[in-house]
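J.: What follows is a single structure, and I will ask about it in a moment.
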Amino acid sequence: TTEIHPGIKRGAFSQLTDADVSAFEAIVGGDHVIKDADEVLSYNIDWLRICRGQGQLVLRPKTTEEVSAIVRHCNKRRLAVVPQGGNTGLVGGSVPLFDEIVISTSRMNSLLSIDPVSGVLVAEAGCVLEQLDREAASQGLMMPLDLGAKGSCQIGGNLATNAGGLRLLRYGSLRGTTLGLEAVLPTGQVLDCLTTLRKDNTGYDIKQLLIGSEGTLGIITKAAILCPARPKSVQLAFLGLDSFQAVLDTYRLARRSLGEILSAFEFIDSESMRAVKQNLGLSCPLGEHSFYVLAETSGSNETHDREKLDGFIESVMSMDGCATDGTVAQDAGQFAHLWSLRERIVESLLVDGYEYKYDVSLPLADIYRLVEHMRTRLDGRVIRTAGYGHLGDGNLHLNFTTPKFDAKVLELIEPHVFDWVRDRRGSVSAEHGLGLKKSQYIRHSKADFAVRVMAEVKRLLDPNGIMNPYKSIWIIWPLM
Ligand code: FAD
Ligand code: 2HG
Ligand code: ZN
C-alpha cells in the first residue's frame, strides 16, 4: 500500500486489547473470532494483491444483532473497522490499511424470502450473488445484476459499491432495483429501511446513502431486491470490427434494431483479446480485429428474438465500415465461451505481473481516445495498454501492465489520466468506487460543495470516524 498512499497516517484510534477480544468472543462465540495470523492474512490482502493491511482480528457475526453489538463496542472504544464481503473489490476498499478490525459478512448468508409474483427477493448481506441468482432462477426470476466476480462477491458488497456489471444497460443500477435495506450504522444503531414496496415517497430515501458508500457509513445487513423475470430466450452475437467508429455505429444500430431486447453491449480491444488468448489460452472464434463486440438479447420468444438478431447482424455486415466478421452462439457451451472472453480479461491481465487499473465514464466519442492517448504516452514502458468495457454504459476499463510495480509508469499515468477524464467531465470511477486507491481524486468528478456535504453526512453518521477509515471520502473528512 505504500505505493498508493505514502502519506496516510494511522488515525487516532484505540489499540485492540485482550478485553476487546473477550468482549467480541462473548458476542459472536470464540469460533468466529479469528486471531491466527495465517488465517487473518487472506482478509488483509485484496483481490488484485496490491493492497495489504495489518489487521490482527477478523469477526464473523451471524446476525444483525451481533453486528450491532460489535459495532457499538467498537464505537465506544474508538476501534476502527472494515466491513468485508467477498473481497473482490478492485480499489483496495475491502481490506484494512493499518490494524482495522475486519467484520466479515460471510456467515450472514440466508435467503429470507422470494415472492414469485412481485419478484422481490429479500436476503442477508453475505449471500453470494451467483447463489442468489440460482435461487431466483428457481422462481423464474433473475438477479438484476451480473458480473465476473459473481461466484464470490456478496450482495452486501455489491450494494456497498453500487456494482454495475454486464447488464446495467438493460436492468438499471442497484439504486433503482434495491427496494429496501437494513444496515448497522457506525454507532451500532440498526437502520431498518427494509421495505419491499416499489413506491414509497415518505421523506428522504436514506437507503441510497448506504448504496455506493463503500462501507464508510455502516454495515449493510439485509436487502430487498426487485428481480426481473428470467428471459426465456437469450441470444449472443460476437462481432469483429476494424475501427472504434465501427463499434459506435454498431451500438447505434443495435439500439435501433434490437430495441427492448438488447441486454448487453460490451466491447473488447485487440490488446485485451490478446491477453485472454496468450495468458489464459482461450481461443477466439474470429480472426484478428482491432475490436470485438458482444451484443446480447434477452426476451420471451426465441423465434422473434432470433429474427431480430439475424436482421441486426445482416445490417451490420452490409453497412460499409461496420462489422466485418461475426458469429452467433449456437448452444449454451458457445454462449459461455464467448462470454468468458470478456469476463476473464480481468484475470488474464493479472498474469502479466502488476496491474494499473482505471475505470472511467466518458462521453462515447471520447472513450477510446483515452486508450490511444495513453498507449502513446506509455509506449515501450508497459507490457500492454488494454481497453474494454460496458460500452452501452459509457464505461471504459483501462488497464496497463508491467512485470512488476514501476513507480515511473505510475507517475506517467497519475494524475494525468484523471485530469484527462475531468477535462471531459467524465467520472474517475464509473463502477468500482474510490476505495483507498482513488479517494484523493474525488474532486475530479464531484463539486467541492458536494464533497463537503458528503463529509457532513459522514460526520453525522460516524462521529468517531471508525467505519472504514482512509477510504472513499477520507481525504476531506478528517480535515473538517
Ligand atoms: P468487497 O470487496 O468485500 O467490499 C467492497 C467494498 O464494499 C469495501 O469498501 C467494503 O468495505 C464494502 N462492503 C462490503 N460488504 C459490505 C457490507 N455488507 N456493508 C457495507 N459495506 C460493505 N464491479 C462492477 O461494478 N462491475 C463489474 O462488472 C465487476 N466485475 C468484476 C469482475 C471481477 C473478476 C472482479 C474480481 C471484480 C469485479 N468487480 C466489478 C468489482 C467487485 O466485484 C464489486 O465491487 C463487488 O460488488 C464487490 O463485492 P464484494 O462482496 O466482493 O465486496
Ligand atoms: C469488468 O467489467 C469489471 O470486467 C472489471 O468491472 C474491469 O478490472 C477491470 O478492469
Ligand atoms: Zn466492469
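The values are calculated or read from the model by the stated rules, or taken from the named source; none is laboratory data. Predicted model only: the values in this text are computed from it and were never measured. A quick note on method: Cβ atoms are made from the backbone with ideal geometry, for glycine too, and the neighbour counts reach across all protein chains shown.
J.: Going through Leu48, Leu90, Leu41 one at a time, which residue ends up being without any contact (Cβ under 8 Å) to a residue 24 or more places away in the chain and under 27 Å from Leu349 (Cα atoms)? Don't jump to the end; show me each part of the working.
T.: Working: Leu48 fails: without any contact (Cβ under 8 Å) to a residue 24 or more places away in the chain; Leu90 fails: without any contact (Cβ under 8 Å) to a residue 24 or more places away in the chain.
The unique qualifying residue is Leu41.
J.: Continuing with the same structure: Return the total of residues in the range 368-409 being part of a strand (DSSP E or B), under 14 Å from Tyr354 (Cβ atoms) and of a type in the set (Phe, Trp, Tyr).
T.: The total comes to 1.
J.: While we're on this one: Suppose we keep only residues that are closer than 18 Å to Gly180 by Cβ and touching a helix residue (DSSP H, G or I) at 6+ places or on another chain (Cβ under 9 Å) within the range 130-156. Which one would you say is nearest to ligand 1 (Cβ to nearest atom)?
T.: Gln154
J.: Continuing with this model, one more query. So in the range 141-168, with the set limited to residues that are assigned to a loop (DSSP other than H, G, I, E, B) and touching a strand residue (DSSP E or B) at 6+ places or on another chain (Cβ under 6 Å), which one is nearest to ligand 2 (Cβ to nearest atom)?
T.: The first filter runs over the range 141-168 and keeps only residues assigned to a loop (DSSP other than H, G, I, E, B), leaving 142-153, 162-167.
If we keep only those that are touching a strand residue (DSSP E or B) at 6+ places or on another chain (Cβ under 6 Å) too, we end up with 166-167.
Values: Leu166: 7, Arg167: 11 Å.
Among them, the one singled out is Leu166.
J.: Go through Val451, Val428 for me and flag whichever is β-branched (Val, Ile, Thr) and more than 16 Å from ligand 3 (Cβ to nearest atom).
T.: Working: Val428 fails: more than 16 Å from ligand 3 (Cβ to nearest atom).
Every option except Val451 fails the conditions.
J.: Name the one entry in Gly157, Gly218, Gly188, Gly165 that is under 23 Å from Pro61 (Cβ atoms), within 16 Å of ligand 3 (Cβ to nearest atom), outside the structural domain of Ile261 (by TED's automatic domain parsing) and crowded, with 17+ Cβ neighbours inside 10 Å.
T.: On the way: Gly218 fails: within 16 Å of ligand 3 (Cβ to nearest atom); Gly188 fails: within 16 Å of ligand 3 (Cβ to nearest atom); Gly165 fails: under 23 Å from Pro61 (Cβ atoms).
Every option except Gly157 fails the conditions.
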